[in-house]
Structure formats: structure tokens, C-alpha cells
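The values are calculated or read from the model by the stated rules, or taken from the named source; none is laboratory data. Quick caveat, the model's predicted, so the values are computed rather than measured. Surface accessibility is based on the protein's heavy atoms, side chains included, excluding ligands, DNA and RNA. Shrake-Rupley method; radii C 1.70, N 1.55, O 1.52, S 1.80 Å.
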Amino acid sequence: TKAKRGGRENILIKLLVLLPLTFSAVSCNEEDEFIDLTSPYVVYKGDWAGSFSGTDAGNMEFYVDDNGKISGTLSSLAYPQSNFELIGSVDLHGNVKIDYIYSNGKVGEFNGKMTDVATSGSWSMSTSAGSHSGNWRASKI
């Protein structure tokens, strides 16, 4: 009969309208659960202080930002009147590379591994006054 057919058509139309809306609501909720706005570098972020030793020795202080970029300063016993700038980065696996700069030119680098609380590795420097190398370590403060 026409009444039964009209009732079935109404149910079918309602299903066709409501079913896609149901799936879109479910898929939005599932996507929201996986959104993570935290920087992957948050474990390294912060102030660090340490020292280096070898054929030269001294102290360093640096900061790791939200993007894993490193900036800071270094003081050297062999070059006490020099102001060295530290510029570098840490990758997602904790690999560290920091260049140290004097008068806008790179004179050396630190390489190593970083965890959430400590970092260490080796360093080398080469200037017209000579070459130096050794080990370094720093801790989050």
C-alpha cells in the first residue's frame, strides 16, 4: 500500500541524512584524540650549564628553545679575553651539534648526545693560534 511505502521512504530518507552525520561526528572525535600540540623538543627545552676540558678548558651556558635551537656563551681559559657565542641544535634523537663563534666566524664545535637532564660529547677548535680538542658535559639547570 501507499501508506507503507511512504513510511519506508521516510525512514530511508532519515537514514540517508542521519547516517553520514553520525560517521562525521565519530571521525572528528577520533581525530581529536590524536592531536598533540606539545613540541617534541620539550624534553630538552631550558637552561643548561657545563664545562669542557682537554687542551683548553672553560665553562658554557646555553638555552634550548621549543624548536631544538641552541644559543649561549662560552668562556675559555686559553682565550680569557675572548667572548665566544654558541649556536646549534639538538635533533629529535638527542644528537647535539653546537658551533662556537668568535668575531662572526666559526672557530670550533661541540658534538654529543643529549637526554632530558644531561648532555656530553667531544669538542674541537682550530684558530690561527692553534688547535684544541677534548670532552664536554652539561646539565639542565
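Tabulated data for the structure shown
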| item | result |
| --- | --- |
| Residues of segment 46-124: accessible area per residue with a 1.4 Å probe, Å² | 50 Å² |
| For segment 102-117, Karplus couplings with θ = phi - 60° (6.51, -1.76, 1.60), whole Hz, Gly/Pro x | 9, 6, 6, x, 6, 10, x, 8, 10, 10, x, 10, 10, 10, 6, 10 |
| Accessible-area value, Met114, 1.4 Å probe, nucleic acids and ligands omitted, Å² | 10 Å² |
